[in-house]
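S.K.: Before I ask anything, here is the structure I am working with.
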Amino acid sequence: MQADTYRPIPRAQLSALLAAAPKAELHLHIEGTLEPELMFALARRNSITLPYPDVEALRRAYDFSDLQSFLDLYYAGAGVLQTAQDFEDMAYAYFERAAADRIRRAEIFFDPQTHTHRGIALATVMAGLEAAIARAERELGLSIALIPCFLRHLSEEDALQTLDALLPYRERLLGVGLDSGERGNPPEKFARVFERARALGLRIVAHAGEEGPPAYIWGALQTLGAERIDHGVRCLEDPALVEELRRRQVPLTVCPLSNLRLCVVPDLAQHPLPALLDAGLKVMLNSDDPAYFGGYLGANLDQCFEALPQLDARHAYTLLRNSFEASFASPEQQAGWIAELDAVFASFSADAAR
């Protein structure tokens, strides 16, 4: 099925359609799913005192002026994660929400350096995440893969040491990514570590073009060999880059509520998602750090389609199909999920014809 092969679906049915449709999430930081309630519970478990009196006071702190103001709180919140059980509880809570959002495939990021730099062994992090993944695959039927990200505000040497530490877990890792503050940390800073990761057969993704300029997207593509660009919304400032991304169909894992909360856009109604789609770019929606940004994948879809009335069911189909095609799952898995997606759209289209 293609986006234009079914009967128009009334806008009033869009919310139900989006809820019913299968999805993939390709830009999700597992530490960014740590809800305030669980953060306080883990703090009590580990005898940690948070600098906030209660959950509501913590939520009020989620008023970010830019990426760095968020990261400061994000790294502080991660301090409650001390044991493998903590990591398992956090990850499984996300997987339950993912299943409720009808997510079939989740390729999730985690930040090893955030934990090893505060004295938490990588083995502890991996044990907790792996236990949660095993439970979610068994109990919730999810397909899940892990992508460790290097923190770009740290040195490349630190990233190389982290890659060495990850080698015992190589078979459990899908790829590697690059995240944290973009400003002043271009992709070229990490050329050697990504060259080594490619030699190991790891898939390559990188955050670029969120706060950083279009040149950072070029750097991620040309220097790091990125197969997906995480965010990428500033590509529209460079027509040659847009054409390159369109020609190669490089996926852009766009995160609208994140863009809103981090002041990349002033209002969802001004989000560049329609322009990205009109340019023929391979875009899909994701939730980034949903505990901090006000919504998981379902909420990102709902709020975008509410704020951007020019988007319709054809766009919804394109975004959802793109999410499966941009995943690093096998062609057979992708085909199965797309067949399910087609069936949902065909059902809504048939209802619209009655």
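S.K.: Quick one: how many residues across the range 100-119 are touching a helix residue (DSSP H, G or I) at 6+ places or on another chain (Cβ under 9 Å) and not in a helix (DSSP H, G or I)?
M.R.: 12
S.K.: I want to confirm something. Restricting to the range 257-304 and keeping residues that are farther than 20 Å from S15 by Cα and touching an Asp or Glu at 6+ places or on another chain (Cβ under 7 Å), which single residue is surrounded by the fewest Cβ atoms within 10 Å (Cβ to Cβ)?
M.R.: Filtering the range 257-304 for residues that are farther than 20 Å from S15 by Cα and touching an Asp or Glu at 6+ places or on another chain (Cβ under 7 Å), the one surrounded by the fewest Cβ atoms within 10 Å (Cβ to Cβ) comes out as C263.
S.K.: For the range 25-55, name all the residues that are part of a loop (DSSP other than H, G, I, E, B) and among the charged types (D, E, K, R).
M.R.: Within the range 25-55, E35, D54 qualify.
S.K.: Also, quick follow-up: Whether any residue in the range 316-332 is at pLDDT below 95, within 30 Å of M39 (Cβ to Cβ) and either among the hydroxyl-bearing types (S, T, Y) or not in a helix (DSSP H, G or I) (or both) is what I want to check. Steps first, answer last, please.
M.R.: Residues of the range 316-332 at pLDDT below 95: none.
No, the range 316-332 contains no residue that is at pLDDT below 95, within 30 Å of M39 (Cβ to Cβ) and either among the hydroxyl-bearing types (S, T, Y) or not in a helix (DSSP H, G or I) (or both).
S.K.: Which members of the range 176-188 meet the condition of being crowded, with 18+ Cβ neighbours inside 10 Å and either part of a helix (DSSP H, G or I) or on the phi > 0 side of the Ramachandran plot (or both)?
M.R.: Once the filter is applied, which keeps residues that are crowded, with 18+ Cβ neighbours inside 10 Å and either part of a helix (DSSP H, G or I) or on the phi > 0 side of the Ramachandran plot (or both), the range 176-188 yields S180, P187.
S.K.: Continuing with the same structure: Tell me yes or no: at least one residue of the range 58-79 is over 21 Å from the mean Cα position of the chain (by Cα), modelled with pLDDT of 90 or more and of a type outside the set (F, W, Y).
M.R.: Within the range 58-79 (the criterion being over 21 Å from the mean Cα position of the chain (by Cα), modelled with pLDDT of 90 or more and of a type outside the set (F, W, Y)), the answer is yes, since at least one residue qualifies.
S.K.: Would you pick out the residues in the range 194-218 that are part of a loop (DSSP other than H, G, I, E, B) and of a type in the set (A, V, I, L, M)?
M.R.: If the condition is that a residue be part of a loop (DSSP other than H, G, I, E, B) and of a type in the set (A, V, I, L, M), then L200, L202 are the ones that fit.
S.K.: Please determine whether any residue of the range 244-257 is touching a residue at least 24 places away in the same chain (Cβ under 8 Å), closer than 24 Å to G184 by Cβ, touching a Pro at 6+ places or on another chain (Cβ under 8 Å) and not basic (K, R).
M.R.: no
For every residue, the table says whether it meets (1) surrounded by fewer than 19 Cβ atoms within 10 Å (Cβ to Cβ); (2) aliphatic (A, V, I, L, M); (3) free of Cβ contacts under 8 Å to residues at least 40 places away in the same chain.
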site	(1), (2), (3)
A84	no, yes, no
F87	no, no, no
Y94	no, no, no
T114	no, no, no
H117	yes, no, yes
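The values are calculated or read from the model by the stated rules, or taken from the named source; none is laboratory data. All figures in this text were calculated on a predicted structure; none of them were measured in a lab. For neighbour counting, all protein chains shown are included, and Cβ atoms are generated from backbone atoms with ideal geometry for every residue, glycine included.
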